[in-house]
Amino acid sequence: MNAAAAKENRVINRPARSARWLRGLRRILSDWQLYVLIAPAVIYIFLFNYMPMYGVQIAFRNFKPSKGIWGSPWVGLKYFEKFVKNPLFGRLIWNTMRISLYSLATFPLPIILALMINELDNQKFKKTVQMITYAPHFLSTVVVCSMITLFCNKDSGLFNHIAEALGGQRTAFLEKAYLFTPIYVWSGVWQGIGWSSILYIAALAGVSPELVEAARIDGANRFQIILHVNVPSIMPTIVITLIMSCGGILSVGFEKVYLLQNKLNLDASNIIATYVYELGLLNAQFSASAAIGLFNTIVNITLLLIVNAIAKRVSDIGLF
Amino acid sequence: MQKIKKSKIRQSKVDVVFDVFNTIIMILLMFVILYPLYFTVIASFSDPYAVVNGKVVLWPVNPTLEPYQNVFKENRIWIGYRNNMINVPLGTLWNLILTLPTAYVLSKKKLHGRAFFATYFLIPMYFGGGLIPTYMQIKNMHLINTPYTLILLGGLSIYNMIVCRVYFQTSIPEDIYESATIDGASDFRQFFQMALPLAKPIIAVMALFYAVGRWNDYFTALIYISDNNLQPLQIILRGILLLNQTALANLNTQNLGQDDIEYMLTLARQVYMAEGMKYSLIFISSAPLLIAYPFVQKYFVKGIMIGSLKG
């Protein structure tokens, strides 16, 4: 109920409850067309998003497809305990976290790129830089992973030709577990740095020209202007994006890891998402897999709320 | 956005150094980003022997179209292309049908229960059932392995919907709806005849976002499609590029017993050709996007900018 309607209610001063209820109903009836317009999406989201949330209870049951959700017996937290005791538990969590913490460490790069692009005076050059850095974003994950695989090939790959030309050893980069995370993250930077910078470039366009001019008259050089005018101005955007990335620490995307995974780098590339897929869809252990998925979601939401609370306290900027 | 004229104020030494460094770093960055793409293109037109042995550096070596001829011989690629040509436009249309009315309705302040609907759409952004419960729900709806699966799934990106809602709220003045209401236009009419025509720019942005996402998607098909005739391009690419399922790579390997040198050479050549084919396949599958990209780039950027107004 919005403020105007509430005020109206007070003014008319009727036996409030039934009148408000009736008014609400009348408004719904008079706006029925709006509800018709929104209905398909409401139904769609219900079927494809809320129904699975309801189905998540199989994490607490011993689900057998033949018995259905209701027919399967409750087992409480059995599958969560099983996951925590699983010898792979530590490795899965650590692999997932290492990849996302490493990615998080590259978080400033698009900001730096945006600040640098913002300083380019030649418009044509600026447009070219933007055009080229945005381009890899449009390649599909399959294509990017194929390029990585081709380039990393020990005998025929571009990276190995370069390594050899520089006097290094030929290495099967993708088959070394310790190289998996850097390859994953830096190819992500290659693909995403330009695209992620758009947000900051947009924010930089809103920096007050008066502030910049005032700083310049006070004798600040370009570097000082960036540090003391531009960066503080785009701080809200930076904080919001940072909160979002922190909330996703345990949600490394399945697609790219799965495509780059092989038997030899599994020590580093076995993450929660790929394990959930393997266990649930390839081995048909539905309940166990759903429990791990739920565990993952809960950790993510908790992290998001914590980081959001900290950010709010420190900088007054938050999502909620 | 207007930049201040820098010429009025004398550039300090630091500024000049800064400019030079900035330009150099940008040029290096462009090279690093562009070279892998450029290499893929020149490799696709080169003799596979030269590519594999590292002879291709700056331009194609012994230019040939053979890799492309081999790609075109792969039947599955055509199936993938055909499926994409059907699924991507229809799916994008379905996306718009779900996204636009929802965004419009949620932008209406007069909507009774607006806060409820806003929350209803916000929750799935942060919480979901996860892979298995979703899979079971899709299975219960009999949407595994059907020709509509890849069209219906991924119907609504809530993030895109919010971007759209912000556009409706900020770019179309409330007054025109008010006067239309007074003139007796229904909500349907206001949406179809006023809001939609005024929202053309954001519709273009949304269509592009959705279409690119669909063209590049392989996850949905990996989980829900196993019928070879329904596979989208990305799954087929994965098969050929990452799992090496090419007709060329395992051609005649069962007759390897022969010790005819000529024959062995042909076999070796086929292995090389299978490698060379990969580069051309990457180029062919990305070409539609990369060719369209320079023309539509500004729309994408616009979409992000609108989204950044209210994340």
Could you derive backbone 3J(HN,Hα) for the stretch B:203-218 from the dihedral phi with the Karplus parameters 6.51, -1.76 and 1.60 (θ = phi - 60°), listing whole Hz in sequence and x where the residue is Gly or Pro? 5, 4, 4, 4, 4, 5, 4, 5, 4, 5, x, 6, 4, 8, 6, 10
Once Rh is set to the Kirkwood radius over Cα pairs, what Stokes-Einstein translational diffusion coefficient, in µm²/s, holds for chain B at a temperature of 4 °C and a viscosity of 1.567 mPa s? 54 µm²/s
Quick check: pseudo-label points 7 Å beyond the Cα along Cα→Cβ at residue A:281 and residue B:69, how many nm apart are they? 3.8 nm
Projected-area mean, the stretch A:79-315, by convex hull of Cα positions, square nanometres: 16.7 nm²
Summing +1 for each Lys or Arg and -1 for each Asp or Glu, what net charge is found among the other residues whose Cβ lies under 11 Å from the Cβ of residue B:18? -1
Please rank B:74, B:174, A:175, fewest neighbouring Cβ atoms within 10 Å first, as an exposure proxy. B:174, A:175, B:74
Placing each pseudo-label 7 Å from Cα in the direction of the beta carbon, residue B:269 and residue A:18 end up separated by a distance in nanometres of 9.4 nm
Karplus 3J(HN,Hα) series, Hz, for the stretch A:254-266 with 6.51 cos²θ - 1.76 cosθ + 1.60 (x for Gly, Pro): 6, 3, 6, 4, 4, 6, 8, 5, 8, 4, 7, 9, 4
Which of B:51, B:71, B:17 moves most in a GNM of chain B, Cα contacts under 10 Å? B:17
Which three extents, in angstrom, do the Cα atoms of the protein assembly as shown have along their principal axes, listed largest first? 101, 80, 50
Check: C-alpha center the stretch A:131-163 vs C-alpha center the stretch B:97-160, spacing in Å is 34 Å
Computed ³J(HN,Hα) along the stretch B:265-274: with the Karplus parameters 6.51/-1.76/1.60, θ = phi - 60°, integer Hz and x for glycine or proline, the list is 5, 4, 4, 4, 4, 5, 4, 4, 4, 4
Just to be sure I understand the rule: take each whole DSSP H helix in chain A, project its Cα atoms onto its long axis, keep it if the span is 30 Å or more and its mean Kyte-Doolittle hydropathy is at least 1.0. Which ones pass? A:177-205, A:286-315
Among the listed pairs A:176/A:263; B:73/B:278; B:110/B:298; B:110/B:200, those beyond 22 Å (Cα-Cα): B:110/B:298; B:110/B:200
Check which residues have an amide H placed less than 5 Å from residue A:61's amide H, if you skip close sequence neighbours. A:75
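Every number here is computed from the coordinates shown, using simple stated rules; none is lab data. From a predicted model like this one, the values you see are computed outputs, not experimental measurements. Note that we place each Cβ from the backbone using ideal geometry, even for glycine, and neighbour counts take in every protein chain shown.
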